[in-house]
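Working notes, structure below.
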Amino acid sequence: MVEKEKEMSFLGHLEELRWHLVRSASVVVIFGIFLFIFQKEVYENFLLAHRKSDFITYQLFCDFFNLFGLDSSFCRVSFKDNLISLKPTQQLMNSIWSSFILGIILSFPYLLWELWRFISPGLTLKEVRNSRGFIFVASLLFFLGIAFSFYIIAPISIHFLYNYQITDLIQNNFTMDSHIGLVTNMLLGVSILFELPVLVFFLTKIGLITPAFLKKYRKHALVVVLIVAAIITPPDVASQIIVAIPIVILYEVSIKVSKIVIKKQQKNAHKSKRV
């Protein structure tokens, strides 16, 4: 009888998980359909925005370098050739895939909420109270990552890559898939990277990392950050520093988060011993 109840409980959890996944997928699809309907506006004002010479980042960087009397290629941004489509179905499939990816991005807070609804019944009341700001903080960091990627990393990288040429014998002639893939990968990759403090919070909670561990490997992390910044930005120090600074700040914030978690755990352990 007990085994049957456990089996029913397990099946009940699977059924509950299924409905969480169904609702999450439905929201992503709804956003995706909406974006697909307005695909022209999405492409021209978002996915292809960095190909416009008057994009705000190019103007700001131009003004910034001019402020110090430095000549900058950001003042002469131009994209001569249009992107090309090599297959009859390429534009249709790309618009469907892009709508799906952007649908996930827009649905992120709701997806977190569904995840929270699934795991919260297994938490204590104290754990639930301590994690109330999880959805807000995680969503805020996610969209900060989207904004940083869209306004900083993407325009810097696209400007550099479009103008990089080994020799005049090689002509750059990019496809729409390559450009859209570059932009969407940057958006998702950087936004996930911005979730580092949240990841550190949970890893510290379960005892996998400590503030001492993060401090010990701080120099190693800095080297990794500089390597990543060098890969995704043009080969000039200013651009690399612009990209590296937020990532370093996130790492330092993660150390503080880990310290707070450890202090709370030690405080709770001390109280339980007194009781």
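Summary of values
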quantity: Any pair with Cβ under 9 angstrom, 6 or more apart, that starts in segment 69-81 at a residue that is closer than 15 Å to Tyr164 by Cα and ends at one that is among the basic types (Lys, Arg) and not in a loop (DSSP other than H, G, I, E, B); calculated: Phe79/Arg51
quantity: Residue among Phe64, Phe74 that is in contact with a Cys (Cβ under 7 Å, 6 or more places away or on another chain) and not in a loop (DSSP other than H, G, I, E, B); calculated: Phe74
quantity: Residue list for segment 184-213, filter: of a type in the set (Ser, Thr, Tyr) and closer than 9 Å to Ser258 by Cβ; calculated: Thr204, Thr210
quantity: Qualifying residue in segment 84-91 (condition: among the β-branched types (Val, Ile, Thr), part of a loop (DSSP other than H, G, I, E, B) and free of Cβ contacts under 8 Å to residues at least 12 places away in the same chain); calculated: yes
quantity: Segment 38-57 residues that are farther than 16 Å from Phe160 by Cβ, paired with ones that are part of a loop (DSSP other than H, G, I, E, B) (beta carbon under 9 Å, 6 or more apart); calculated: Glu44/Lys52; Leu48/Leu83; Ala49/Phe55; Lys52/Val77; Lys52/Phe79; Asp54/Val77
quantity: One residue from Ser157, Ser131, Ser120, Ser99 being at pLDDT 90 or above and polar (S, T, N, Q); calculated: Ser99
quantity: Ile104, sole failed condition from (1) within 21 Å of the chain's Cα centre (by Cα); (2) of a type in the set (A, V, I, L, M); (3) not in a helix (DSSP H, G or I); calculated: (3)
quantity: Flag for Leu169 being part of a helix (DSSP H, G or I) and of a type outside the set (Phe, Trp, Tyr); calculated: no
quantity: Checking Val22 against (1) over 30 Å from Ile119 (Cα atoms); (2) at pLDDT 90 or above; (3) surrounded by fewer than 14 Cβ atoms within 10 Å (Cβ to Cβ), the condition it does not meet; calculated: (1)
quantity: Selected residue [loosely packed, with under 13 Cβ neighbours inside 10 Å and either more than 30 Å from Arg132 (Cβ to Cβ) or at pLDDT 80 or above (or both)] from Ile242, Ile249, Ile232; calculated: Ile249
quantity: Segment 151-189, residues that are within 22 Å of Ala244 (Cβ to Cβ), hydrophobic (A, V, I, L, M, F, W, C) and in contact (Cβ under 8 Å) with a residue 40 or more places away in the chain; calculated: Ile152, Ile153, Ala154, Ile156, Ile158, Phe160, Val183, Met186, Leu187, Leu188
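The values are calculated or read from the model by the stated rules, or taken from the named source; none is laboratory data. What you are looking at is a predicted structure, and each value in this text was computed from that prediction instead of being measured. Neighbour counts run over all protein chains shown; Cβ positions are idealised from the backbone, glycine included.
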